[in-house]
1. Subtracting the Cα-Cα distance from 0.36 nm times the residue separation, let me have the gained length for residue 109 to residue 26 in nm, one decimal.
2. Report the extension gain between residue 116 and residue 39 in nm, rounded to one decimal, defined as 0.36 nm multiplied by the number of residues separating them, less their alpha carbon distance.
3. Can you tell me how segment 38-147 classifies by the Cα gyration tensor, rounded, prolate or oblate, using a/c under 1.5 as the rounded cut?
4. Express in nm, to one decimal, how much length is gained between residue 194 and residue 147 on full extension, taking 0.36 nm for each residue of separation and deducting their alpha carbon distance.
5. Only helical DSSP H runs with n ≥ 4 go in: add -39500 (n - 2.57) per run for the chain, normalise by residue count and round the 222 nm mean residue ellipticity to 500 deg cm²/dmol.
6. So what is the relative contact order of the chain, in percent, for Cα pairs below 8 Å that sit 6 or more residues apart?
7. Ignoring ligands, DNA and RNA, please state the percent of accessible area on segment 26-67 from carbon and sulfur, probe 1.4 Å.
8. Mind pulling up the Rg/Rh value for the chain? Radius of gyration and Kirkwood radius, both on Cα.
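The values are calculated or read from the model by the stated rules, or taken from the named source; none is laboratory data. On a predicted model such as this, the values are computed, not experimentally measured, just so you know. Only protein heavy atoms, including side chains, enter the accessible area calculation; ligands, DNA and RNA are left aside. Shrake-Rupley method; radii C 1.70, N 1.55, O 1.52, S 1.80 Å.
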Amino acid sequence: MKHYYHPMSRAVTTDWMLTELEVEHEQVVIDFPAGENNTPEFRSVNPMGKIPVLVDGDVVITETAAICAYLADRYPEKGFAPPVSSEQRGRYYRYMFFPGTTLEPMFTVEQFDVAEYSPQSTGWGDLERCITTLESMTPERDWVMGANFSAADVVFGGFLDFAVQFQWLKSPSPKVAAYVKRIKARPAYRSSHDPSWH
């Protein structure tokens, strides 16, 4: 298994997931300043020229949430995802995909100060709806699926950590701040995140 990675990228989240699962793999560092992401060799792995990328035999997975979901299902004995037949699976999927499909586009639009647009015309609505939903989804205690930490915490919690660190969420609520603090206290988080930028 190969994990294409750079410490100043979204691959930090997938590295964290691999660390949580204690999965043996080859870490392939892609040097962005040197343009390694634009080489024909890397573009043959991911035509987007982006990381993270996970290669497991003949299977190539891109996108942070997809990699985390794949790993959780690849190692079911680790308990990082509810069983496919579980009624909790729908809730789990919501946490896995809400950050990438809704929150990140919304915060990106906010950062770029895009001219006014109709919330009905986009998949992410508007900032007020995103913040309200984010608040409602953040757990008061423990983790998003209850007592058990899961891949959904890596994706959802990892995004909230990123949003707080880079001031996309300029004034996180006490509930969000407490959840992010719990996330950052995990040994696998601490060993997979570079303290020089956190």
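1. 26.4 nm
2. 24.0 nm
3. Working: a/c = 2.67, a/b = 1.09, b/c = 2.44.
Note, shape of segment 38-147 comes out oblate.
4. Full-extension gain reported as 14.2 nm.
5. Per the formula, -12000 deg cm²/dmol.
6. Relative CO of the chain lands at 22 percent.
7. 55
8. On the way: Rg = 16.9 Å, Rh = 17.7 Å.
On the Cα set of the chain, Rg over Rh gives 0.96.
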